[in-house]
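Written out below as structure tokens is the structure these notes cover.
The values are calculated or read from the model by the stated rules, or taken from the named source; none is laboratory data. Quantities reported herein were computed from a predicted structural model and do not represent experimental measurements. Counting neighbours? That spans all protein chains shown, and the Cβs are built from the backbone with ideal geometry, glycine included. For the accessible areas, the whole protein counts, side chains as well, though only heavy atoms, and no ligand, DNA or RNA atoms are used. Shrake-Rupley method; radii C 1.70, N 1.55, O 1.52, S 1.80 Å.
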Amino acid sequence: MYDPQEILGAAKAILPVLPKLLDEPTANQLQAQLNSHLATQDIAKIWETLEQSPQTQRWRSKYLNQEVATRSVSQLAGDMVAQPSGLIYACPHCDYRDVIFLLGMDPDPCSDHPDAVLHRV
Ligand SMILES: [Zn+2]
């Protein structure tokens, strides 16, 4: 299980990138939900909110994996974090999104369009 602080951290970090992960109405809706759950510190509701789309699920699991990885190794790994909300890459053919938190890593290809070149958004 993840630490509640890490889930709160994920919710705060994803807020500014929701417009890059989702279409505008969905991003606005999830931002409003997350802000109200952050205000009440409702971890279960935050988790559910991040579960509502494949894009946010993917972002969440990568964020938390990165948190666990940096927690368990030296300070050096902490210095490798590019930015808390990550760099978002998009498939040009569909709504697939991937995120990179550590400098020098490549985004995972879109499973439906493996030859597509993902672009930063
Ligand atoms: Zn695609």
(request) State all residues of the stretch 39-61 that are among the basic types (Lys, Arg) and in contact (Cβ under 8 Å) with a residue 40 or more places away in the chain; if no residue qualifies, say none. (result) ARG58, ARG60
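Within the stretch 90-101, how many residues are more than 11 Å from the ligand (Cβ to nearest atom) and open to solvent by 40 Å² or more (accessible area, probe 1.4 Å)?
Of the residues in the stretch 90-101, 0 are more than 11 Å from the ligand (Cβ to nearest atom) and open to solvent by 40 Å² or more (accessible area, probe 1.4 Å).
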(request) Only one of these is touching a helix residue (DSSP H, G or I) at 6+ places or on another chain (Cβ under 9 Å) and farther than 15 Å from VAL99 by Cα: PRO25, PRO19, PRO4. Name it. (result) PRO4
(message) If a residue counts only when it is acidic (Asp, Glu) and at pLDDT 95 or above, which helices (runs of 4 or more DSSP H) contained entirely in the stretch 1-120 have at least 2 such residues?
(response) none
(message) So, in the stretch 102-121, how many residues would count as being surrounded by 13 or more Cβ atoms within 10 Å (Cβ to Cβ), near the ligand (Cβ under 10 Å from one of its atoms) and free of Cβ contacts under 8 Å to residues at least 24 places away in the same chain?
(response) 3
